[in-house]
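Since the structure comes first, as structure tokens, the remarks are kept for the end.
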Amino acid sequence: MDIKLKIAQMLMFAFHGQEYNEQLKFLIEELKIGGVVHFGRNIDNVSQVINLNEDIIKNSSIKPFIALDQEGGAVLRVMHGITSLPGAMALASGDIDKIEEICYYVGLELAALGFNINLAPVGDVNNNPYNPVINSRSYSDDPAIVANLAMKAFKGFNKANLITTMKHFLGHGDTNVDSHIGLPCVNKSKKELEELELVPFRNAIENGINGIMTSHILYPAYDEKFPATLSKNIITELLKNELGFKGLIMTDSLTMGAIWTNFSLEEILVNSVCAGVDILTFCGKASMDEQKLIFDTFVHLVENNKIPITRIEESYNKIIRYKQSLPHINKLYPFMLKQDLAKLLQEKSICLIKDKNRLIPICENDTLILFPKIKIVTLVDDLNKQISLKDYLDCEEIIYDVDTNIDNIVDCVKSYSKVVLCTYNVKLDDYQNRLYRSLDKGKTIVVALRSPYDYLYLKPSSYILLFEATKLSLQTLAKALRGKIKITGKVKIKMEEYG
């Protein structure tokens with residue numbers, strides 16, 4: 001077989017548009033790449049996605065990998081028309097015995113849409129409260145909990161015949177740099193990494209996980225020069241040889257700042273392939289010119305013996321084996337089949353950390369909502385539109401952001417007996433912090449819409465954790481604030497350490 005075709009099978013690209021267009025025709029029919037990854041921009045509704053994925057499959061000479069990040073919570077690509085999936089920390093705080101079940105049914109619906117790879121679950125142990133990118137995408141700061149719950153999730157997805165790529169090997173939880181922007185470094189000993197970061201991945205491998213995504217993080221204990229994605233010490237020696245992983249190894253997007261701004265394209269291609277990676281993913285601006293350059297450079301490096309053909313053959317053969325068992329699109333599948341279960345799990349996930357002044361339940365006609373204008377805090381998020389709590393509560397509401405006049409809000413607050421201040425990833429002395437300091441603490445309920453660690457900056461006396469700002473989570477919050485459901489969630493991080 002033409003070596004170019006085998007090289008192409010190792011490439012996965014992002015694309016623009018919501019239909020089979022010129023770019024997809026170029027990627028699928030001319031370059032014959034092995035797979036594509038969808039983002040929110042590619043997805044409008046169930047019928048559109050089915051038609052798009054059918055066209056991608058129909059025009060591929062070899063059945064393609066079609067991937068997306070359907071982690072749950074703040075990281076969802078398909079937001080409407082299928083069963084909702086709460087995020088990792090939300091699921092961990094509620095009925096953990098239902099995690100495999102909800103992931104199974106969500107997996108069936110993803111397969112019915114035409115997807116065959118879910119870039120989930122997150123296996124990172126978020127033991128750094130200042131982590132800017134993982135945070136509530138992780139199940140816990142306890143490696144044993146993460147190992148157990150991530151296993152439940154991937155077993156559910158795998159049962160639905162999806163390839164499940166646990167991420168981000170060998171752990172992105174103890175970083176204070178977002179690898180979309182810079183190159184994080186986890187400067188721990190091998191023993192420390194073994195006892196924390198590696199626990200969920202080792203457990204997943206022992207229980208049959210079929211895919212792992214590498215991280216763009218430097219671990220000097222294993223490799224002082226190259227981050228995990230480009231490191232043979234980590235990918236081949238540790239992941240494949242020591243841990244015994246024999247499944248698909250794919251990269252996080254190689255256009256992320258940690259890699260793209262620190263290494264040349266040739267260095268990225270040579271080192272990732274020689275390290276032992278099977279699928280090289282490129283997202284970023286996803287331009288056709290850049291994608292052609294990546295493909296041509298890859299071919300040139302193989303033809304000039306800078307990348308051994310044996311590595312191409314090894315990954316190609318593995319890819320084909322997995323593609324032979326991919327699920328088919330079932331357009332008659334009943335979507336939203338387990339939405340009632342999703343609602344139940346969301347209700348069980350909400351956590352009341354404290355309510356010193358007994359402000360819950362609220363009276364809607366005497367409560368003011370302060371709701372942040374939500375902006376993407378990391379490039380993995382996919383927010384389609386501004387939603388707010390007022391959609392589900394009959395209360396007055398002010399949408400605030402960095403330009404909002406705090407004095408005006410303080411004057412408005414005087415007319416209400418209670419205030420619900422919703423926050424989204426508070427930072428030291430940011431506008432959310434300044435707003436809270438200006439409010440009457442005795443009548444203010446703080447609701448963390450994503451990060452439980454907002455507590456570090458605010459130290460509120462009434463504090464609720466929601467973990468994600470989705471339609472379903474805000475509906476749940478509204479019920480809880482009105483006293484219509486009992487708040488029973490138990491967060492799986494050590495909140496007592498933060499007061």
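Each value in this text was obtained by applying a stated rule to the coordinates, not by laboratory testing. The structure presented is a predicted model; accordingly, all values stated were derived computationally and were not measured. All Cβ positions, even for glycine, are placed from backbone atoms using ideal geometry, and neighbour counts span all protein chains on display.
Observations
- Derived scalar couplings ³J(HN,Hα) [the stretch 124-140; Karplus, 6.51 cos²θ - 1.76 cosθ + 1.60; whole Hz; x for Gly, Pro]: 6, 9, 7, 8, 10, x, 9, 5, x, 10, 8, 6, 6, 6, 8, 6, 5
- The stretch between I387 and E194 holds 65.4 nm of extra length on full extension. This uses 0.36 nm per residue minus the Cα-Cα distance.
- Three-way shape call for the stretch 350-498 based on the alpha-carbon gyration tensor, with the a/c threshold at 1.5: rounded
- In this structure, D340 and I406 have a Cβ-Cβ separation that, at R0 = 41 Å, corresponds to a calculated FRET efficiency of about 0.50.
- The angle separating the long axis of helix 288-303 from the principal Cα axis of greatest extent in the chain is about 40 degrees.
- For the stretch 191-237, the square roots a ≥ b ≥ c of the C-alpha gyration tensor eigenvalues yield an a/c of 1.5 or more together with a/b not exceeding b/c, which makes the shape oblate.
- Rounded to whole Hz, the Karplus (6.51, -1.76, 1.60) HN-Hα couplings of the stretch 407-422, x for glycine and proline: 4, 5, 5, 4, 5, 5, 4, 4, 7, 10, 7, 9, 10, 9, 9, 8
- In the chain, helices alone account for a calculated mean residue ellipticity at 222 nm of -9500 deg cm²/dmol, with every DSSP H run of four or more residues adding -39,500 (n - 2.57).
- Built amide H within the under 5 Å cut-off of L11, gap 5+: G34, G35, L280
- In this simple spin-label approximation, K292 and K373 carry label points 7 Å from Cα along the Cα→Cβ vector, and these lie 4.0 nm apart.
- Per-pair calculated FRET efficiency, R0 = 22 Å: K58 and E314 via Cβ, rounded to 0.05: 0.15
- For I487, no residue whose modelled amide H falls within less than 5 Å of its own remains once neighbours fewer than 5 places apart on the same chain are excluded.
- Amide H contacts under 5 Å for A120: T165, restricted to partners 5 or more places along the chain or on a different chain, H placed in the peptide plane at 1.01 Å from N.
- Using only side-chain charges placed at the Cβ, +1 for Lys and Arg and -1 for Asp and Glu, the dipole size of the chain relative to its Cα centre rounds to 1040 debye.
- Here the Karplus relation 6.51 cos²θ - 1.76 cosθ + 1.60, evaluated at θ = phi - 60°, turns the backbone of the stretch 272-284 into coupling constants of 5, 5, 5, 5, x, 6, 9, 10, 9, 9, 10, 10, x Hz, with x for every Gly and Pro.
- Listed pairs K25/K375; K232/K494; K354/K390 exceeding 29 Å between Cα atoms: K25/K375; K232/K494
- Average Cα contact separation per residue, the chain, under 8 Å, 6 or more apart, as relative contact order %: 17
- Here r is the Cβ-Cβ distance between F39 and Y130 and R0 is 22 Å; the resulting FRET efficiency, rounded to 0.05, is 0.25.
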